[in-house]
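The values are calculated or read from the model by the stated rules, or taken from the named source; none is laboratory data. Remember, predicted model here, so these are calculated numbers, not experimental data. As a convention, Cβ positions derive from the backbone with ideal geometry for all residues, glycine included, and neighbour counts pool all protein chains shown. Side chains are part of the model used for accessible areas, which takes the heavy atoms of the whole protein and leaves out ligands, DNA and RNA. Shrake-Rupley method; radii C 1.70, N 1.55, O 1.52, S 1.80 Å.
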Amino acid sequence: MLSSLQNPRFLILQSQFQFNFTSKTLNFSSKRRLFHFSNALNSSQAISEQPQTISPTLKTSPPTSQILKTQKSLLSREIKAVEIAEEYLNRLRQTEPQIRSFLHVSENVIKEAEEIDKKIERNEELGSLAGVLVGVKDNICTVDMPSTGGSRILEGYKPAFDATAVKKMRECGAVLIGKTNMDEFGMGSTTEASSFQVTTNPWDVTRVPGGSSGGSAAAVSARQCMVSLGSDTGGSVRQPASFCGVVGIKPTYGRVSRFGLMAYASSLDVIGCFGPSVVDTAILLDAISGHDSRDATSSKREVPNLASQLVSTESLESKPLKGLRVGLISETLGNGVDVGVVSTIQAATAHLEELGCTVSEVSLPSFSLGLPAYYILASSESSSNLSRYDGVRYGNQVAAEELSSLYGASRANGLGSEVKMRILMGTYALSAGYYDAYYKRAQQVRTLVKKDFKEALDENDILISPAAPSAAYKLGEKKNDPLAMYAGDIMTVNVNLAGLPALVLPCGFVDSGATALPIGLQIIGAAFDEGKLLRVGHIFEQTLQGCRFVPPSVVEGFAS
């Protein structure tokens with residue numbers, strides 16, 4: 001089937017994979033077969049490696065919302081917004097030489113914080129993000145800071161406008177602390193493809209933070225900012241969230257305006273959110289969601305108040321998720337997935353059962369086809385979208401006597417090797433004689449992926465899987481093996497092809513020798529069902545025992 005997809009460039013190591021909530025409980029009635037991982041772990045096929053817990057020197061209390069804590073402190077006048085801003089700036093200065101999350105730090109942080117303090121003195125109403133320090137991925141336009149997309153071709157570029165998501169955050173009182181590092185134009189899974197610097201993982205600075213939103217994830221993990229924005233085309237929010245031990249959400253396509261987001265693959269790109277807790281992530285998503293007339297793909301569907309639906313765990317019953325139908329995607333626990341990841345996900349699934357969920361395995365027949373189809377579609381769209389960076393319309397110009405030489409020299413000098421490779425791949429897939437064999441076939445696979453997800457979600461309330469087949473790996477380990485790096489996106493790309501929302505939150509650890517590394521659980525829902533994902537994630541997060549997802553380098557007295 002679909003044999004025309006089997007070009008060596010697109011095999012992607014296929015052989016490695018076989019593939020208004022106010023009540024105290026979520027009542028989803030269903031008669032389902034329980035999928036007991038407690039038994040599975042004791043079977044003859046049980047995996048010996050067990051999930052690791054964080055260092056016993058750290059407390060294991062559930063994470064609390066930094067945003068709500070900040071607002072309470074500001075409104076009670078216990079602390080000023082300027083003091084909070086100075087604290088984060090000091091921490092950023094101390095950790096940045098090792099982490100390298102930011103490409104640019106705003107010069108207006110203190111000034112913007114002072115404005116918040118003046119509003120409080122005047123007893124004016126504050127927005128939902130008042131005094132909150134936010135990092136913004138560098139492919140999201142900001143009028144007062146450079147926006148390079150991680151590329152030399154846009155080095156020094158300052159947009160004349162804010163992206164809609166940024167504009168909405170400012171209206172809610174957010175203080176933009178700076179622009180975060182990323183793989184060039186979002187093309188990468190490690191942030192090593194940035195044209196400027198390599199970001200490291202706060203849990204282990206010899207490892208990658210994931211990508212392409214690695215700077216945004218690392219900044220939240222290292223507590224350099226409270227929350228951050230990223231973008232997700234094939235997993236660029238969810239995979240780094242897993243690697244860095246933070247919460248990340250990819251909303252439904254159309255939920256958040258893409259106006260001001262530098263286009264990579266327009267039918268797949270979404271702006272997503274990072275936070276240290278589910279509540280923080282929900283508050284940020286609330287602030288940036290909604291229809292935008294400047295984005296033709298923006299949905300007009302009403303946005304519920306997501307954060308207000310997250311109830312306190314003190315009001316929960318013993319089985320707060322009783323009856324919730326959970327489908328575990330069987331193809332995500334097969335060959336090619338690290339045994340530590342499998343055992344951690346099994347433990348997380350057992351926790352969901354303890355909360356009252358009914359868990360069963362589900363199969364997505366098209367799962368293994370999604371990865372090669374994704375890279376055809378994304379590369380094809382990028383070859384079109386990035387044609388604007390030619391030194392004339394956009395991008396730094398290299399002097400030349402002829403126009404064709406100017407185009408060629410500007411792009412050759414300004415674009416990195418990974419971007420060039422994907423442009424070439426996309427141009428090839430769209431070329432005469434190959435369009436039907438590659439691009440058209442990939443679109444047909446996309447239809448199959450959507451169909452399989454719909455059928456699975458008709459039978460289940462949510463689907464779960466690992467966010468990545470491994471924990472964070474060493475810097476440079478896969479830099480020269482693009483197919484191995486692409487294969488790491490196997491867990492996430494299908495969600496983008498289907499346009500569905502997905503939440504990733506840390507669920508456990510695996511032992512890497514020197515330190516324990518976090519593992520993320522991916523929760524997938526039906527279109528525009530972010531509220532359900534956040535409610536389930538919040539309850540899971542607040543009831544998980546024995547884990548605290550704070551990097552060893554972060555001062556314990558601050559982290560929560």
Exercise for the section: Kindly indicate whether any position in the range 170-189 is within 10 Å of the chain's Cα centre (by Cα) and at pLDDT 95 or above. Expected result: no
Exercise for the section: Please work out if Arg393 is in contact with a Ser or Thr (Cβ under 8 Å, 6 or more places away or on another chain) and open to solvent by 20 Å² or more (accessible area, probe 1.4 Å). Expected result: no
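Being of a type in the set (S, T, N, Q), crowded, with 24+ Cβ neighbours inside 10 Å, under 21 Å from Ser65 (Cα atoms) and under 13 Å from the mean Cα position of the chain (by Cα), is that true of even one residue in the range 260-277? Please lay out each step first, then the result.
Restricting attention to the range 260-277, the residues satisfying the condition of being of a type in the set (S, T, N, Q) are 266-267, 277.
The next check asks that each one be crowded, with 24+ Cβ neighbours inside 10 Å; those that pass are 277.
Then drop every residue that is not under 21 Å from Ser65 (Cα atoms), which leaves 277.
Right, trim to under 13 Å from the mean Cα position of the chain (by Cα) and you get none.
Checked the range 260-277: no residue is of a type in the set (S, T, N, Q), crowded, with 24+ Cβ neighbours inside 10 Å, under 21 Å from Ser65 (Cα atoms) and under 13 Å from the mean Cα position of the chain (by Cα).
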Handout entry: Close pairs (7 angstrom Cβ cut-off, 6 or more residues apart or separate chains): assigned to a strand (DSSP E or B) in the range 116-138, surrounded by fewer than 24 Cβ atoms within 10 Å (Cβ to Cβ) and of a type in the set (Phe, Trp, Tyr) anywhere
Key = Leu133/Tyr88
Handout entry: Counted residues, the range 139-186 - those being open to solvent by less than 10 Å² (accessible area, probe 1.4 Å), among the acidic types (Asp, Glu) and part of a loop (DSSP other than H, G, I, E, B)
Key = 1
Exercise for the section: Could you list all residues from the range 454-492 that are under 22 Å from Ala348 (Cα atoms) and either assigned to a helix (DSSP H, G or I) or acidic (Asp, Glu) (or both)? Expected result: Ala456, Leu457, Glu459, Asp461, Asp489
Handout entry: Odd one out for Ala282 among (1) open to solvent by 10 Å² or more (accessible area, probe 1.4 Å); (2) assigned to a helix (DSSP H, G or I); (3) in contact with a Leu (Cβ under 9 Å, 6 or more places away or on another chain); (4) not charged (D, E, K, R)
Key = (1)
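Looking at Ala487, Ala526, which one is in contact with a Leu (Cβ under 8 Å, 6 or more places away or on another chain), open to solvent by 10 Å² or more (accessible area, probe 1.4 Å) and aliphatic (A, V, I, L, M)? Working first, answer last.
Values: Ala487 fails: open to solvent by 10 Å² or more (accessible area, probe 1.4 Å).
The conditions single out Ala526.
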Exercise for the section: Tell me which of these Val303 doesn't satisfy, since it passes every other one: (1) under 20 Å from Leu463 (Cβ atoms); (2) out of contact with any helix residue (DSSP H, G or I) (no Cβ under 7 Å at 6 or more places or on another chain); (3) in a loop (DSSP other than H, G, I, E, B). Expected result: (1)
Handout entry: Selection count where residues are of a type outside the set (A, V, I, L, M, F, W, C), touching a Phe, Trp or Tyr at 6+ places or on another chain (Cβ under 9 Å) and assigned to a strand (DSSP E or B), scope the range 502-534
Key = 3
